[in-house]
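Have a look at the structure below before the remarks.
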Amino acid sequence: MDLAEIQHAIEELPKEQQAALTAWLAERDQAEWDAEIERDFSPGGGGIALLKEMKADARAGKFRPFEEGRPQKH
């Protein structure tokens, strides 16, 4: 079955089943996203270097608290 056939089959579903399919796809996407984040920020993951860099920048005072807002142009 190709994508066009799947799309046609979805269009033929009752609205309630289309809604259930939409919810299932959203849950599936969220689970995939959660797994990707878990992999990225586990030891050895690609996000660890970024996290270390952000922590070093924070220790070096390169960040301002949110309540201070954007720097003002003079």
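Quick rundown of the values:
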{"quantity": "Yes/no for Leu25 being aliphatic (A, V, I, L, M) and more than 25 Å from the chain's Cα centre (by Cα)", "calculated": "no"}
{"quantity": "Near pairs, Cβ below 9 angstrom, 6+ apart or cross-chain, from region 48-73 (modelled with pLDDT of 75 or more) to any residue that is exposed (fewer than 10 other Cβ atoms within 10 Å of the Cβ)", "calculated": "Ala56/Lys62"}
{"quantity": "Pair list, Cβ under 7 Å, 6 or more apart: region 17-43 residue modelled with pLDDT under 95, other residue not in a helix (DSSP H, G or I)", "calculated": "Arg39/Gly45; Asp40/Gly46"}
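The values are calculated or read from the model by the stated rules, or taken from the named source; none is laboratory data. In this text, all values refer to a predicted model and were calculated from it rather than measured experimentally. With ideal geometry, Cβ positions are generated from the backbone for all residues, glycine too; neighbour counts draw on all protein chains shown.
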